[in-house]
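Enquirer: I'd like to ask some things about the structure below.
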Amino acid sequence: TGFMATGKTAVGKKLAGRLNRRFVDTDRVVEKSAGMRIRAIFEQCGESYFRDLESEAVAGLDIYPAGSLVVATGGGVLIREENRKKLNKHGLLILLTAAPQTIIKRLDKRRERPLLNVSDPEEKVKTLLEEREHCYRICEAKIDTTAKSIDGVVEEIMAYLLLR
């Protein structure tokens, strides 16, 4: 889990391969269930509706056997307490972080991220990170991806899992 553009999907896919587990990205589950891209969901239905779909996606993870998944969550999934409780109860939460400037550099210049379609995206990133900080406290591990490769982050997670 973690903020947008911290590497959740890329790291999750590679980690799932290393652990021989199925990979699930809750953002893709939401898009499939809505039949539209996240940007369109925000524009046509609003953030609250998106968060409802996101919670449904998290609840739907219960159908998988324990220990069979690596899940990449949407950047704001932990905003809702019900999601925090469910994810924390059924798995190990690893928080991926990055510096605000790095997040901005990693994001598409096309402004595909609805929450950052503002005049000062870097300031918005800082504000959202501050607002979500309390949500991220439940994560068991925290890895700063700012200056690391995907493989480097995966190796760090693997080392953490071995020591756990």
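Enquirer: Taking square-rooted eigenvalues a ≥ b ≥ c of the alpha carbon gyration tensor, is the stretch 94-163 rounded, prolate or oblate, where a/c under 1.5 means rounded and, failing that, a/b exceeding b/c means prolate? Could you put the intermediate results ahead of the total?
Expert: Values: a/c = 3.07, a/b = 1.66, b/c = 1.85.
Oblate, because a/c is 1.5 or more while a/b does not exceed b/c.
Enquirer: Using only the Cα atoms of the stretch 38-112, build the gyration tensor, take square roots of its eigenvalues as a ≥ b ≥ c, and label the shape rounded, prolate or oblate: rounded if a/c is under 1.5, else prolate if a/b is larger than b/c, else oblate. Walk me through the intermediate numbers first.
Expert: Working: a/c = 2.24, a/b = 1.34, b/c = 1.67.
It is oblate, given that a/c is not under 1.5 and a/b is not larger than b/c.
Enquirer: Under 14 Å from a label point 7 Å along Cα→Cβ of residue 92: give me every residue in the stretch 42-81 with its amide N that close.
Expert: Counting backbone N atoms under 14 Å from the label point, the list is 67-71.
Enquirer: Among 98, 141, 57, which one shows the biggest mean-square fluctuation in a GNM of the chain, springs joining Cα atoms closer than 10 Å?
Expert: 141
Enquirer: A further question on this structure: What does the extension gain come out to for residue 80 and residue 21, with contour length at 0.36 nm per residue minus their alpha carbon separation? Display every interim value, and only then the final one.
Expert: On the way: separation 59, 0.36 × 59 = 21.24 nm, distance 2.62 nm.
Value of the extension gain: 18.6 nm.
Enquirer: Let me ask you something else. Largest first, please: the extent of the C-alpha atoms of the chain along each principal axis, to the nearest Å.
Expert: For the chain, the Cα extents along the three principal axes come out at 44, 35, 26 Å.
Enquirer: For the chain, what is the calculated [θ] at 222 nm in deg cm²/dmol (nearest 500), taking -39500 (n - 2.57) for each run of four or more DSSP H residues and dividing by its residue count?
Expert: Numbers: 8 runs with 89 residues, N = 164.
So the helix-based figure for the chain works out to -16500 deg cm²/dmol.
Enquirer: HN-Hα J couplings of the stretch 128-139 from phi, Karplus 6.51/-1.76/1.60, θ = phi - 60°, integer Hz, Gly and Pro as x?
Expert: The phi angles translate into 5, 4, 5, 5, 8, 3, 5, 6, 7, 4, 6, 5 Hz.
Enquirer: At 7 Å along Cα-to-Cβ for each site, give me the label-to-label distance between residue 130 and residue 155 in nm.
Expert: Using points 7 Å along Cα→Cβ, the separation is 3.7 nm.
Enquirer: Taking +1 at the Cβ of each Lys and Arg and -1 at the Cβ of each Asp and Glu, which of 125, 104, 44 sits farthest along the dipole of the chain towards its positive end, judged by Cα position relative to the Cα centre?
Expert: Value: 104.
Enquirer: Follow-up. Between their Cα atoms, which of 85/105; 32/148; 85/142 are more than 28 Å away from each other? Can you show the working numbers first?
Expert: Numbers: 85/105 32 Å; 32/148 31 Å; 85/142 18 Å.
Violating the 28 Å Cα-Cα cut-off are 85/105; 32/148.
Enquirer: Magnitude of the Cβ-charge dipole of the stretch 54-141, K/R +1 and D/E -1, about the Cα centre, nearest 20 debye?
Expert: Values: 15 positive and 14 negative charges, 40 e Å.
It comes to approximately 200 debye.
Enquirer: How many nm separate the modelled label positions at residue 64 and residue 36, each set 7 Å beyond the Cα in the direction of the Cβ?
Expert: Here the answer is 2.7 nm between the modelled labels.
Enquirer: In nm, give the distance between the simple-model label positions of residue 122 and residue 164, each being 7 Å from the Cα along the Cα-to-Cβ direction.
Expert: Inter-label distance under the simple model: 3.5 nm.
Enquirer: Something else about it: Where the accessible area of the chain is counted over protein heavy atoms with a 1.4 Å probe, how much of it, in %, is carbon and sulfur?
Expert: Working: 4620 of 9250 Å².
Carbon and sulfur: 50 percent of the exposed surface of the chain.
Enquirer: Could you size up the charge dipole of the stretch 1-107 around its Cα centre, putting +1 on the beta carbon of Lys and Arg and -1 on that of Asp and Glu, and report it in debye to the nearest 20?
Expert: Working: 18 positive and 11 negative charges, 116 e Å.
Dipole size: approximately 560 debye.
Enquirer: Counting only heavy atoms of the protein chains, get the accessible area per residue of the chain (1.4 Å probe) and round it to a whole Å² value.
Expert: Values: 9250 Å² over 164 residues.
Accessible surface, normalised per residue, equals 56 Å².
The values are calculated or read from the model by the stated rules, or taken from the named source; none is laboratory data. All values derive from a computational prediction rather than experimental measurement. Counting neighbours? That spans all protein chains shown, and the Cβs are built from the backbone with ideal geometry, glycine included. Areas reflect the complete protein model, heavy atoms only, side chains present, ligands, DNA and RNA absent. Shrake-Rupley method; radii C 1.70, N 1.55, O 1.52, S 1.80 Å.
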